[in-house]
Amino acid sequence: MSKNIYLPNYEHSENAHIQSMEQYRQMHKKSIESPAEFWSEIADQFYWENPYDVRNFYSFNFNVKSGPVQVKWMEGATTNVCFNLLDKNVRRGMGDKIAFYWEGNDPEDYSKITYKKLLEEVCRFANVMKSKGVVKGDRVAIYMPMILEIIIAMLACARIGAVHSIVFAGFSAESLAERMADCKCKVLITADSVYRGDKLLNIKNICDSAMERCQNFGHEVQTCIVVRHLPRLYRSTNHSNGTNGNASDVIDLHSDVSWTDGRDFWWHDEMDDVEPACYPVWMSAEDPLFMLYTSGSTGKPKGVLHTTGGYLLYAATTFKYVFDYHPSDIYWCTADVGWITGHSYVTYGPLANGATSIIFEGTPFYPDNSRYWSIIEKYKVTQFYTAPTAIRALMKFGEEPVKKHNLNSLKVLGSVGEPINPEAWLWYYKNIGNERCSIADTFWQTETGGHVITPLPGCTPMKPGSATFPFFGVNPILLDENGQVIEGVGEGYLVFNKPWPGMMRTLFGNHERYQSVYFSKFPGYYCTGDGARRDEDGYLWVTGRVDDMLNVSGHLMSTAEVESVLTEHPDVSEAAVVSRPHPIKGECLYCFVTPNSGVPFTPKLSSELIKKVRENIGPFAMPDVIQHAPGLPKTRSGKIMRRVLRKIAINDREVGDISTLADEHIVDELFRNRPEKT
Ligand code: PRX
């Protein structure tokens, strides 16, 4: 074995679910060779209204050439995910256990909710949605901050069989409109406002504008339900008792929230007088549970669809083993519920295990740069799951903010969203984990539903930067450009040749696109779009996207998506966007822009373009550089040579062979035009 291996802490391994690599290998082997046996033993721990048939536990076809791609687990069985997460735990005597501690943006603003109370609130809200005409199969859009109501809303959907489509509340009105129109949602659930650090954002206004734009796409949202979050915020900034109970004691700040009568309803008004019980709708295991949009390389977002039974098993099982969860643990995932990490590892995975979690509304930098560490100390967090971009941003402030806090409760640290560079890994390991905690570098995707390549904290010897080995049921394969399997040491396309229960089933309303994006490049394989390397010890190292996607602070987006916004500007003739490494964000956007003939490239145009991207996609997509490109490096057939642009972005003159370019001179000109000296 090579050097730079970090062994799990023996003290933690002793009590871990999986204590040795031998045990892991045996379980992994069984999960691959006898999936029905492996997963049905897990399924037994959940409630099924109609039982599954072990002899017909799953079926699939990954080969486009032999018919439509399909994946099915436990077809014919019926259950309800919300019932398994809440009723089942309450019936097991866990009604008084805390499901969530809510920590607001302001440290004085916090609350908590038990399993029993959560069940009641979910039932109430399920009844509210029923009163608005929502029935099984209807889509419900959710655009909300990190408050308890977002969990309540999603579980209420699951209870009545509505399909939630959460849009991260950092997306613009345009992006929200496009997503709402695509899924034809009946209802939109939102909040009035949210503080981000010390900035107040009125998100109801964004929703109003999105609902208006939706009509341009020929769709009308019938109902909008709005959580009144502002009084809580207002009170917290006025230093009252910090709980978020009845808001009647505070000044009503809502006269400035715009309202459309007949369409808009306050959450608290609707919840006032409804029954706290709601019988669950029994769903077939293959009925949709939720959809979640993710960027596509052609620009138009893809509505990844997850179904009921398989997703439940997979979110629950990955949560249990990857975080080595035990009943007295306090778990915290910092991801926003608007991303898949928030779905699987803030809501579904933890609740399926009866866990106590923290949900945090704020940022790591407010009121100061030790906020994460102070929350870990406050709640005695045992598992902490965050993104490399956050770790890198916090590393900048050194060890002082960390040292102010006692982080001894921690056992497992998680990382997600992008490759973690060894430097950040080591900082996390040494300064946050005090060299006692395992790091779970979890590789997965919106599409995979849960972790697919990850260490297990009690057993896997870790290498900084490697996601290590596959989770149960996952069989990773590396292929070369010709589709030949690479055995042993090597690097290639990361693909899978068999399904695990939690993988996506289709793209909403577009099975063709599902087949062509994920299954057509190498028939018989699900293609992740990532590259990976296998080292001499069999460890997998995910090297990043092999398509035109980029990952900015863990947010996946396509270059085409940004290009289409840039070229919508009336003064722009052409645009090409590439990714450039960034010390904190991982990658950032570097845009080459060709103005229309006769139009000068000015700082004004540049700032208008940045603003436009911000408004059309969201603040997280803001370009770092807009460079004037009198022309773009194109082949004679007109294809933009992006590898040349990537070299220009990092000022690397080693551009390789450019003899196929229609005009080689443009490359020199673009180097001269770089707005930065270095
Ligand atoms: O490129 C991989 C990267 O993030 C992509 C998936 O993004 P998304 O669907 O938004 O889901 C993010 C949260 C699961 C992947 O195709 N990625 C995610 N985690 C890792 C990673 N790359 C390397 N290592 C990881 N641990």
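Restricting the search to strands (runs of 3 or more DSSP E) fully inside region 295-399 and requiring at least 1 residues that are within 16 Å of the ligand (Cβ to nearest atom) gives 302-307, 330-333, 383-386. Only residues that are within 22 Å of P581 (Cβ to Cβ) and within 20 Å of the chain's Cα centre (by Cα) were counted in region 515-565, giving 24.
Taking E491, is it within 16 Å of the ligand (Cβ to nearest atom), charged (D, E, K, R), at pLDDT 95 or above and touching a strand residue (DSSP E or B) at 6+ places or on another chain (Cβ under 6 Å)? When the stated conditions are applied, E491 does not pass them. Residue under question is F496, and the condition is that it be of a type in the set (F, W, Y), in contact with a Ser or Thr (Cβ under 8 Å, 6 or more places away or on another chain) and farther than 30 Å from P581 by Cα; does it hold? Taking the combined requirement at face value, the residue does not satisfy it. Checking V452, V474 one by one, the residue that is touching a residue at least 24 places away in the same chain (Cβ under 8 Å), under 23 Å from the mean Cα position of the chain (by Cα), closer than 16 Å to V322 by Cβ and within 13 Å of the ligand (Cβ to nearest atom) is V452 and no other. Restricted to region 586-678, the set of helices (runs of 4 or more DSSP H) holding at least 3 residues that are within 35 Å of the chain's Cα centre (by Cα) and farther than 27 Å from T543 by Cα comprises 603-616. Which residue is surrounded by the fewest Cβ atoms within 10 Å (Cβ to Cβ), if the candidates are limited to region 641-654 and must be among the β-branched types (V, I, T) and touching a Phe, Trp or Tyr at 6+ places or on another chain (Cβ under 9 Å)? Filtering region 641-654 for residues that are among the β-branched types (V, I, T) and touching a Phe, Trp or Tyr at 6+ places or on another chain (Cβ under 9 Å), the one surrounded by the fewest Cβ atoms within 10 Å (Cβ to Cβ) comes out as I650.
Here's the yes/no breakdown for (1) more than 9 Å from the ligand (Cβ to nearest atom); (2) touching a residue at least 60 places away in the same chain (Cβ under 8 Å); (3) over 19 Å from R646 (Cβ atoms); (4) touching a strand residue (DSSP E or B) at 6+ places or on another chain (Cβ under 6 Å):
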site	(1), (2), (3), (4)
F508	yes, yes, yes, yes
H511	yes, yes, yes, no
V517	yes, yes, yes, no
C527	yes, no, yes, yes
R533	yes, no, yes, yes
D547	yes, yes, no, yes
N551	no, yes, no, yes
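In region 164-185, the residue that is nearest to R213 (Cα to Cα) out of those that are surrounded by 23 or more Cβ atoms within 10 Å (Cβ to Cβ) and aliphatic (A, V, I, L, M) is A177.
Here H219 meets the list (1) in a helix (DSSP H, G or I); (2) more than 20 Å from S131 (Cβ to Cβ); (3) at pLDDT 95 or above almost entirely, failing just condition (1). Can you find, within region 401-419, the residue that is nearest to the ligand (Cβ to nearest atom) among those that are over 20 Å from V346 (Cβ atoms) and in contact (Cβ under 8 Å) with a residue 12 or more places away in the chain? Among those residues, the one meeting the criterion is P419.
V667 falls short of the stated requirement of being closer than 18 Å to S579 by Cβ and surrounded by 12 or more Cβ atoms within 10 Å (Cβ to Cβ).
Selection within region 420-445: residues that are surrounded by fewer than 20 Cβ atoms within 10 Å (Cβ to Cβ) and within 11 Å of the ligand (Cβ to nearest atom). The member of this set that is farthest from the chain's Cα centre (by Cα) is N421. Of the residues N50, N105, N63, N89, which single one is touching a residue at least 40 places away in the same chain (Cβ under 8 Å), over 21 Å from M503 (Cβ atoms) and in the same structural domain as P35 (by TED's automatic domain parsing)? Residue meeting the stated conditions: N50.
For every residue, the table says whether it meets (1) modelled with pLDDT under 85; (2) assigned by TED's automatic domain parsing to the domain that holds L176; (3) more than 30 Å from the chain's Cα centre (by Cα); (4) buried (at least 18 other Cβ atoms within 10 Å of the Cβ).
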{"site": "G242", "(1), (2), (3), (4)": "yes, yes, no, no"}
{"site": "D249", "(1), (2), (3), (4)": "yes, yes, yes, no"}
{"site": "D252", "(1), (2), (3), (4)": "yes, yes, yes, no"}
{"site": "T260", "(1), (2), (3), (4)": "no, yes, yes, no"}
{"site": "W266", "(1), (2), (3), (4)": "no, yes, no, no"}
{"site": "D272", "(1), (2), (3), (4)": "no, yes, yes, no"}
{"site": "C278", "(1), (2), (3), (4)": "no, yes, no, yes"}
{"site": "L292", "(1), (2), (3), (4)": "no, yes, no, yes"}
{"site": "G299", "(1), (2), (3), (4)": "yes, yes, no, no"}
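The values are calculated or read from the model by the stated rules, or taken from the named source; none is laboratory data. All figures in this text were calculated on a predicted structure; none of them were measured in a lab. Methodologically, a virtual Cβ is constructed for each residue, glycine included, from the backbone with ideal geometry; neighbour enumeration extends over all protein chains shown.
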